[in-house]
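The values are calculated or read from the model by the stated rules, or taken from the named source; none is laboratory data. All values derive from a computational prediction rather than experimental measurement. When we count neighbours, we look across all protein chains shown, and the Cβ atoms used for this are built from the backbone with ideal geometry, even at glycine.
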Amino acid sequence: MVKVTALALLLGSLGLFAQALLLTAVVPDPALVAQLYVGSSGMILGIALTVGTLVGTVTGLRRMQEEGAWLGLQSLGISGFQLVFPLLVPLGVMTLLQLGAAHGIEPAARRVLREARVEAASQIRPVEGRPLRMGPWSVVLQGGMLYFAGESLHGHAAAWRLEPEREGLRVVLGEGELTDWEGTMGAHFSSLATSIVLPRSNGPQAAEKSSGRLMEDLKKKADPRRHQAERWLLWKRTLLPVGSLLLSLGAVPMALGRQPITLVIGGLLLPFWVTVRFLDTMVSRGGVELSSGCLMVGCLFFVASSWGRWTAR
């Protein structure tokens, strides 16, 4: 499980890190590169643990079967149910790690990643004669003067600076002219400031809050039930690790069967992911409790049916 989890974490974090690096629009300094990678790794940790738990369970049991260890255990009178008890120890440890990642590490990693992206974007420095895109504005530096253009306005400024904000950048311009494209309106300014919102990497702002802080915020709201997205996010941080545990338990009979191992893993992870995404879209209609119940009932039904068919053979 550990090797598979490490590989999934490495591949997933590299992909997310590349995406975050592209969204910064510039190549940041080494310290910010490290911060971007730490944030990306933290965000992907829960998924890596889920994949590692399932793949490790299936591959480990399949190896036991192929090497004859499972046949040897059966000859000693050990049943499949007896096999589950020692398996619960590593599965329980992995579930606890997933809970810790979901409730604490991932929210902190999202916050670290956003702050790193904002700080990296604030390092943007226009190069003489080279156009640069900054949010809705196109800018170019010529002769020490910064020229900028948007959908309805354009102008130039003799001085400028960038300041990081929570959601993006604050551009402060000094001593310049501002004109609309039709030429019917123009103005001189000594100081002008505007905010540029950076595209979010993924998820709502509530995803950056730890579960404890999110619960406190919900308690302060007049009617917490109206905030379905926040409540669903909080529930998912527990439901997904528990669902991953049930998925691995249900995979035990399939791992000891004859299906191709890739088909077993893909046939479990893909429906699980599709179901969660479907419930994400339906939670606003059916409510958090119904969506949570559907996910747990579905996982329990899978475990019961999988073991039921196996023991009936």
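Structure notes:
- Options 275, 262: the member that is touching a helix residue (DSSP H, G or I) at 6+ places or on another chain (Cβ under 8 Å), in the same structural domain as residue 215 (by TED's automatic domain parsing) and without any contact (Cβ under 8 Å) to a residue 60 or more places away in the chain: 275
- Residue within the range 101-110 that is at pLDDT below 80 and assigned to a helix (DSSP H, G or I) present: no
- Filtered residue count, the range 208-223, keeping only those that are assigned to a loop (DSSP other than H, G, I, E, B) and aliphatic (A, V, I, L, M): 1
- The range 67-98, residues that are within 15 Å of residue 254 (Cβ to Cβ) and more than 36 Å from the chain's Cα centre (by Cα): 70
- The condition of being in the same structural domain as residue 233 (by TED's automatic domain parsing), free of Cβ contacts under 8 Å to residues at least 12 places away in the same chain and not small (Gly, Ala, Ser) holds for only one of 91, 99, 76, that being 76.
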